[in-house]
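Single-structure report; data block below.
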Amino acid sequence: MDSIILAIESSCDDTSAAVIKNGLLMSNVIASQKVHEEFGGVVPELASRAHQQNILPVVDTALSKAGITANDLSAIAFTRGPGLLGSLLVGTSFAKGMALALRIPLVEVNHLQGHIMAHFVEPSAELVAATPRLQGVQIRHPEMPFLCLLVSGGNSQIVKVEAYNRMQIIGQTIDDAAGEAFDKCAKVLGLPYPGGPWIDKLAKEGNADVYPLAKPNMQGYDYSFSGLKTSFLYTLRDLMHAHQADNVDALAEQIPHLREDLCASLQQTIIDILLKKLKKAAQDLHITRIAVAGGVSANSALRDAMVALGKKQGWEVFIPPFSFTTDNAAMIAQAGYYKFMDRDWCPIDAAPYAKTTI
């Protein structure tokens with residue numbers, strides 16, 4: 001009998017649904033929310049309202065693209081947390097209602113574990129043919145145990161992965177996440193939200209050596225990015241004072257390649273901080289299978305730096321396809337599939353949670 005699971009992801013500002021059949025991903029639909037761009041960040045109340053508008057058509061499209069109906073489903077997996085509570089409530093409530101109506105099991109998924117499980121997504125031939133971004137992409141799955149650098153807007157962690165349901169956080173940020181540093185500094189520069197892709201783009205045209213920024217000296221494998229954000233702000237403040245500029249646009253008129261060089265410097269500093277601790281953890285734990293996951297893993301410079309460091313250290317490096325880096329239901333489907341096969345189901349009264357660890 002086929003095992004067909006519908007997965008729902010609604011942890012932040014992307015509404016996504018995916019269908020996995022016997023371990024193969026059949027569809028992965030994402031509806032992004034443009035409403036937050038004018039505010040320079042996600043507004044929780046607006047996000048939850050947009051999820052309410054998007055979730056039904058997104059689920060319907062995911063089922064249709066997979067060539068199935070709701071009656072074919074074996075279970076429903078959903079992101080229980082962490083994330084924005086209002087957004088999670090929409091996905092959780094929808095999953096519960098659908099599971100009750102169909103009388104099928106409900107499977108909860110930790111969003112952070114989902115990001116790591118993105119490395120095990122296996123798209124069907126039909127999905128690859130219908131998705132240009134997946135065509136020609138070699139998808140490799142790491143053997144366990146491996147280390148995963150999980151970097152996103154809300155989390156920066158080094159995780160030792162021994163099984164899909166057995167993970168240990170080796171190090172994590174004590175304050176801000178790398179993705180947050182990207183977005184906040186981009187906002188200061190007057191760049192659109194989300195800022196990470198814009199910094200990635202401008203950094204390609206900049207010089208990372210022009211503006212040296214502070215690098216925290218944390219013990220162990222933990223991270224800190226609040227000091228880096230402060231260093232970035234002070235650098236920009238001092239430049240504006242020295243050039244008697246009232247705003248970044250006026251400063252950019254006086255200093256050629258200002259935004260490009262600042263973006264390059266910020267990006268390189270974040271990458272240096274991330275990989276220094278990852279390298280130490282890999283050496284101390286004697287693990288040579290190294291993966292990266294999360295929204296920041298879409299950053300081209302980080303991906304290149306991972307490959308380069310991997311060659312130097314003799315690592316086997318695993319980088320997920322771009323389609324599975326940001327928040328998406330495919331990763332929730334993969335994690336949910338493993339839990340379903342182990343009959344690890346959750347009660348219908350399970351409540352979403354805003355904060356948690358792996």
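The values are calculated or read from the model by the stated rules, or taken from the named source; none is laboratory data. Remember, predicted model here, so these are calculated numbers, not experimental data. All Cβ positions, glycine included, derive from the backbone under ideal geometry; neighbour counts span all protein chains shown. Areas reflect the complete protein model, heavy atoms only, side chains present, ligands, DNA and RNA absent. Shrake-Rupley method; radii C 1.70, N 1.55, O 1.52, S 1.80 Å.
Structure data summary
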read-out: Calculated P(r) over Cα pairs in 20 Å bins from 0, in percent (choose from [x] 26, 44, 25, 5, 0; [y] 30, 56, 14, 0; [z] 30, 50, 19, 2), label; value: [y]
read-out: Angle between the chain longest axis and helix 226-242 axis [Cα atoms, degrees, rounded to 10]; value: 40 degrees
read-out: Cα gyration tensor shape for region 178-324, rounded if a/c is under 1.5, else prolate or oblate; value: prolate
read-out: Cα gyration tensor shape for region 207-294, rounded if a/c is under 1.5, else prolate or oblate; value: prolate
read-out: Cα gyration tensor shape of region 106-220, rounded if a/c is under 1.5, else prolate or oblate by comparing a/b with b/c; value: oblate
read-out: Computed accessible area, L274, all protein chains, 1.4 angstrom probe, square angstrom; value: 0 Å²
read-out: Helical mean residue ellipticity (222 nm; -39500 (n - 2.57) per DSSP H run of 4+; nearest 500) of the chain; value: -14000 deg cm²/dmol
read-out: Chain lengthening between K355 and R49 when straightened (0.36 nm per residue, less Cα-Cα); value: 108.1 nm
read-out: Carbon/sulfur fraction of accessible area - the chain, other protein chains in place, 1.4 Å, %; value: 50 percent
read-out: Principal-axis tilt of helix 300-313 within the chain, Cα atoms, nearest 10 degrees; value: 90 degrees
read-out: Too-long pairs where the Cα-Cα distance tops 25 Å, listed order kept, from K184/K215; K201/K355; K34/K201; K160/K279; K201/K280; value: K201/K355; K201/K280
read-out: C-alpha long axis of helix 178-188 to longest principal axis of the chain, angle in °; value: 50 degrees
read-out: Calculated FRET efficiency for the pair N165/L89, C-beta based, R₀ 22 Å, to 0.05; value: 0.30
read-out: Accessible area per residue, Å², the chain with all protein chains present, probe 1.4 Å; value: 45 Å²
read-out: Candidate residues F324, F120, F94: accessible-area rank, largest first, probe 1.4 Å; value: F94, F120, F324
